[in-house]
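The values are calculated or read from the model by the stated rules, or taken from the named source; none is laboratory data. Quantities reported herein were computed from a predicted structural model and do not represent experimental measurements. We place every Cβ from the backbone using ideal geometry, glycine too, and count neighbours over all the protein chains shown. Side chains are part of the model used for accessible areas, which takes the heavy atoms of the whole protein and leaves out ligands, DNA and RNA. Shrake-Rupley method; radii C 1.70, N 1.55, O 1.52, S 1.80 Å.
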Amino acid sequence: MLTDASPKSLEQERDETLAEIQRLQRFLEIDLDEADDEIDPNLAEREKTLALIQTLERRVEMLERAVESAQKGKYGICEDCGQPIDAERLAILPETTLCVKCAQKRQKRRW
Ligand SMILES: [Zn+2]
């Protein structure tokens, strides 16, 4: 299903992601209190949660940028080449500010 991603839904997405981060952080804090100085049997679990929080934080950053570009009336326009981003891509990845081609180019550059 294709949706018209409006600034409002982007902001909702961002708020929900932020709420999820807070929930996970609270979970980590409770866990820490209980673990005390003993060897923590939940270490692997906690590292997984930390990694998830980092992923979500990156997502929030991207959503912020998408919200900004929406405010400038540039939502759905690729940051790099200025071409419209495929609607299907936006439906799956509402936070993206790059078209498929430019996203792939950037990934190649990074690796
Ligand atoms: Zn592009």
Is one or more of the residues making up the stretch 30-51 open to solvent by less than 80 Å² (accessible area, probe 1.4 Å) and at pLDDT 90 or above?
-> yes
Out of the stretch 17-28, which residues are loosely packed, with under 14 Cβ neighbours inside 10 Å and modelled with pLDDT of 95 or more?
-> ALA19, GLN22, ARG23
Considering residues that are assigned to a helix (DSSP H, G or I) and near the ligand (Cβ under 8 Å from one of its atoms), the number found within the stretch 78-99 is 0
Does ALA66 qualify as being of a type in the set (A, V, I, L, M, F, W, C), in contact with a Ser or Thr (Cβ under 9 Å, 6 or more places away or on another chain) and surrounded by fewer than 16 Cβ atoms within 10 Å (Cβ to Cβ)?
-> no
Picking from THR97, THR55, the residue that is surrounded by 13 or more Cβ atoms within 10 Å (Cβ to Cβ) and polar (S, T, N, Q) would be THR97
